[in-house]
Each structure stands twice: as structure tokens, then as C-alpha cells.
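Notes follow the structure.
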Ligand code: ATP
Ligand code: MG
């Protein structure tokens, strides 16, 4: 079997995309591997995991890039500029190759909402460091991203407590 850094995509409408990426991070950290998480939409990391992450601070770095994104903004050019800055940062993290795993949480929304040309993302992924794992989460993964990835899982929404009026539970949802 070949050894290689994988491109993984967690997409679909069901819950578990960000959660799955955190599970992979935990696994890599257990091997003493360095992990970087970049959150493209502010707030997708919740209190519970933010507190847990502090315990891995020597190996785990995370960055919130989503400040200012709304997708409904009147100022599209400003949003595009923020998306560009966020992506440029992620690109440098991948290329500098300081992490065994780079998680790009909610990245799919940038090309989906036309904040960023997806070709830019694909060309960085095509040339990523060979041993590095890159994990991408978010709804609406494109056909081209799915084609490029080594592993793609679609979370399918079958049941969610929200639909029965159950509010978000501590330790489970946040
Ligand atoms: P999680 O962070 O819990 O793994 P996710 O990354 O798969 O969820 P996102 O699309 O990023 O899902 O949305 C995050 C928030 O939306 C979470 O609070 C999650 O519980 C909620 N959510 C996700 N899927 C559903 C759903 N099918 N119905 C209602 N709420 C949902
Ligand atoms: Mg998510």
C-alpha cells in the first residue's frame, strides 16, 4: 500500500462535518503530529472544542478567518477581499508544510458563494506537500473538488433533534 497525504472532504446537509474533522485532528495529535485548523466561517468551532484545544496548544494551532463574512453583505467587493485574504493565509500554511494535517473548516462556502475562484483552491491542493493531509468541510462540495479528493463522505440528514424542538445540548452541540 502507498503512503501518502490525503485530501479528505466532508460534505452534505447532515450534521457531523466539522465534528469528523475534529476527530481526525484528535487522532493525528495522539501521534504527536502537528495540526492546523483554519475556520473560514466564524463560530463553527464551539466552546467545548475551543477549551479542549488549549490542552493541545503545543501541537495544534487554529485560526478564525471568517470575521466579516455574511454572504448577504451589500459590499460584495469587501467580502471577496476578506475571502481572498483568508484563502491566501490557508495557501501559505499548506505550502510552508509545517503541519501533518491542515483542516480547512467550511472552505466550500467560498467558491459556492463565488467569493473565490475554485480553480485557485484546486491548484494549491494539486501541488500540496506529499505527506500532508488536507481536510475540507462544508456543504456543496463541487464535482471538481470531489474528483480531486482521495476521500469524500457525504453527511446525509436523516434526523436532527432540532426538528423536534430540542435545543442545542452542552457537550454535544457546543
Ligand atoms: P457539526 O459542527 O455539528 O459537525 P456540521 O459541520 O456538519 O456540524 P454545519 O453545516 O457546519 O454542520 O452547521 C453547523 C451547525 O448546524 C451545528 O450547530 C449543527 O448541529 C447544525 N446542523 C448541522 N446539520 C443540521 C441539520 N441537518 N439540521 C439542523 N441543524 C444542523
Ligand atoms: Mg461545520
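Taking R0 as 30 Å, what FRET efficiency do you get between residue 15 and residue 77 from their Cβ-Cβ distance, rounded to the nearest 0.05? My answer for the efficiency is 0.35.
Hydrodynamic estimate: the Kirkwood radius of the chain over Cα pairs, inserted into Stokes-Einstein at 25 °C and 0.890 mPa s, corresponds to D of 147 µm²/s.
Using a simple spin-label model with pseudo-atoms 7 Å out from Cα toward Cβ, residue 131 and residue 114 lie 4.3 nm apart. Among 4, 128, a tally of other beta-carbon atoms within 10 Å of each Cβ gives an order, fewest to most, of 4, 128. Among 116, 107, 125, sorting on how many other beta-carbon atoms sit within 10 Å of each Cβ, with the fewest leading, yields 125, 116, 107.
What is the gain in length, in nm to one decimal, between residue 84 and residue 173 on full extension, counting 0.36 nm per residue of separation less the C-alpha to C-alpha distance?
Details: separation 89, 0.36 × 89 = 32.04 nm, distance 2.99 nm.
Length gained, residue 84 through residue 173: 29.0 nm.
In nm, what is the difference between 0.36 nm times the number of residues separating residue 4 and residue 57 and their Cα-Cα distance?
Working: separation 53, 0.36 × 53 = 19.08 nm, distance 2.58 nm.
Stretched fully, the residue 4-residue 57 segment lengthens by 16.5 nm.
Seen through its C-alpha gyration tensor, with square-root eigenvalues sorted a ≥ b ≥ c, segment 20-122 comes out prolate because a/c lies at 1.5 or above while a/b is bigger than b/c. Roughly how many Å is it from the Cα centre of segment 120-136 to that of segment 1-53, as a whole number? Taking the Cα centre of segment 1-53 as reference, the centre of segment 120-136 is 15 Å away.
Multiplying the residue separation of residue 166 and residue 140 by 0.36 nm and removing their Cα-Cα distance gives an extension gain of 6.7 nm. Calculated mean residue ellipticity at 222 nm for the chain: -10500 deg cm²/dmol, from DSSP H runs with n ≥ 4 weighted as -39500 (n - 2.57), summed, divided by the residue count and rounded to 500. The convex hull around the C-alpha trace of segment 102-168, projected and averaged over every direction, spans 6.0 square nanometres.
No value in this document is a laboratory result; all are computed from the given coordinates. Everything numeric in this text was worked out from a predicted model, so none of it was measured. Because the Cβ atoms are built from the backbone with ideal geometry, glycine has one as well, and the counts that use them run over all protein chains shown.
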